[in-house]
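Chemist: Provided herewith is a single structure, encoded as structure tokens, for subsequent inquiry.
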Amino acid sequence: MKGIVFDIKRFAIHDGPGIRTTVFLKGCPLRCWWCHNPESQHVKSETDVKKILLDGISFEKTETVGRLMSVEEVMEILVKESVFYDESGGGVTFSGGEPMLQPEFLTGLLKSSKEKGFHTAIDTSGFARTEHFDEILGLTDLFLFDLKHTNDAEHKNFTGVSNRLILKNLRFLTENNAHVIIRIPLIPGINSEEDEIGNMIELLNNFDGKISEVHLLPYHDFAKNKYRRFEKENKLINLQAMEKSQIQNTKSKFETEGFLVKIGG
Ligand code: SF4
């Protein structure tokens with residue numbers, strides 16, 4: 001079984017507990033305005049031209065993003081890193097893009113990881129067939145599950161897809177006692193205002209106490225050069241980062257409702 005991988009990050013500390021290796025699978029059905037990995041969106045490989053200035057002379061370096069890899073090839077890398085998982089309580093995280101867009105490949109990776117005894121996490125938008133969540137339920141120790149907007153029309157506008165299937169899948173996971181941590185990208189002018197934060201809290205309080213942890217991911221513009229290099233439209237080109245006080249204020253609102261909250265995942 002093979003799939004397209006666009007990056008493998010070693011020593012990841014924000015994608016689940018302990019020290020982890022995060023495997024980024026290429027392809028995503030969403031088009032979030034704030035996406036910080038725009039090169040992850042298309043399933044196919046893409047070419048990027050980097051300009052390098054060396055001793056006053058400009059060079060161009062062509063890089064291909066996305067590589068066809070087998071489950072065995074990925075596992076070879078993960079096994080080499082596994083000493084760090086054992087010592088730190090870490091493991092492997094499959095991210096994207098949307099990792100569930102390559103369901104057979106993802107299932108193969110999760111199965112092999114479990115055979116090796118690794119703690120497994122997936123970082124998902126939640127936009128995938130419920131049957132696929134069912135297939136990987138017993139192979140996944142942790143779901144890092146995005147909540148982007150509670151309003152369906154706003155969700156469609158800012159991500160390109162409805163939130164109905166996503167919320168159905170979130171319900172499915174919690175009803176089946178999966179360990180779910182909610183990740184909320186906080187985007188000024190889109191979902192970080194008081195009303196929408198209140199709506200999110202209300203929604204999460206409606207899961208019978210099965211969701212207890214929330215990670216807030218405040219907007220940053222670190223990806224702006226990627227949008228230029230990959231010639232993608234950046235709809236938030238002039239958006240400023242959130243004030244620290246506003247982030248803290250949002251964190252307090254969730255904490256007051258009894259959620260364990262981390263900033264940055
Ligand atoms: S779900 Fe994630 S990878 Fe997909 S477009 Fe949105 S931010 Fe980017």
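Chemist: Inside region 89-125, can you point out the residues that are among the polar types (S, T, N, Q), surrounded by fewer than 24 Cβ atoms within 10 Å (Cβ to Cβ) and assigned to a loop (DSSP other than H, G, I, E, B)?
Modeler: Residue satisfying the conditions is Gln102 alone.
Chemist: Is region 24-39 home to any residue that is assigned to a strand (DSSP E or B), within 16 Å of the ligand (Cβ to nearest atom) and within 21 Å of His119 (Cβ to Cβ)?
Modeler: Yes.
Chemist: On the given criteria, is Asp86 of a type outside the set (Lys, Arg), touching a Ser or Thr at 6+ places or on another chain (Cβ under 6 Å) and either open to solvent by 40 Å² or more (accessible area, probe 1.4 Å) or touching a residue at least 60 places away in the same chain (Cβ under 8 Å) (or both)?
Modeler: no
The rows are residues; the columns are (1) in a loop (DSSP other than H, G, I, E, B); (2) away from the ligand (no atom under 14 Å from the Cβ).
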residue: Asp7; (1), (2): no, no
residue: Asp15; (1), (2): yes, no
residue: Leu53; (1), (2): no, yes
residue: Ser82; (1), (2): no, yes
residue: Tyr85; (1), (2): no, yes
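Chemist: Looking at region 181-212 only, could you name the residues that are within 18 Å of Glu255 (Cβ to Cβ) and of a type in the set (A, V, I, L, M)?
Modeler: Ile181, Ile182, Ile184, Leu186, Ile197, Met200, Ile201, Leu203, Leu204, Ile211
Chemist: If you scan region 176-231, which residues turn out to be touching a Phe, Trp or Tyr at 6+ places or on another chain (Cβ under 8 Å) and in a strand (DSSP E or B)?
Modeler: If the condition is that a residue be touching a Phe, Trp or Tyr at 6+ places or on another chain (Cβ under 8 Å) and in a strand (DSSP E or B), then Val180, Ile181, Ile182, Arg183, Pro185, Leu186, Glu213, Val214, Leu216 are the ones that fit.
Chemist: Looking only at region 126-137, decide whether some residue is open to solvent by less than 30 Å² (accessible area, probe 1.4 Å) and under 30 Å from Glu194 (Cα atoms).
Modeler: Yes: region 126-137 contains one or more residues that are open to solvent by less than 30 Å² (accessible area, probe 1.4 Å) and under 30 Å from Glu194 (Cα atoms).
The rows are residues; the columns are (1) touching a Lys or Arg at 6+ places or on another chain (Cβ under 9 Å); (2) in contact (Cβ under 8 Å) with a residue 60 or more places away in the chain; (3) within 14 Å of Lys9 (Cα to Cα).
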{"site": "Leu30", "(1), (2), (3)": "yes, yes, no"}
{"site": "Leu53", "(1), (2), (3)": "no, no, no"}
{"site": "Phe59", "(1), (2), (3)": "yes, no, no"}
{"site": "Thr64", "(1), (2), (3)": "no, no, no"}
{"site": "Ile77", "(1), (2), (3)": "yes, yes, yes"}
{"site": "Gly90", "(1), (2), (3)": "yes, yes, yes"}
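The values are calculated or read from the model by the stated rules, or taken from the named source; none is laboratory data. Since the model is a prediction, treat every value here as computed from it, not as a measurement. Please note: Cβ atoms are built from the backbone with ideal geometry, for glycine as well, and neighbour counts cover all protein chains shown. Accessible surface areas use protein heavy atoms only, side chains included; no ligands, DNA or RNA. Shrake-Rupley method; radii C 1.70, N 1.55, O 1.52, S 1.80 Å.
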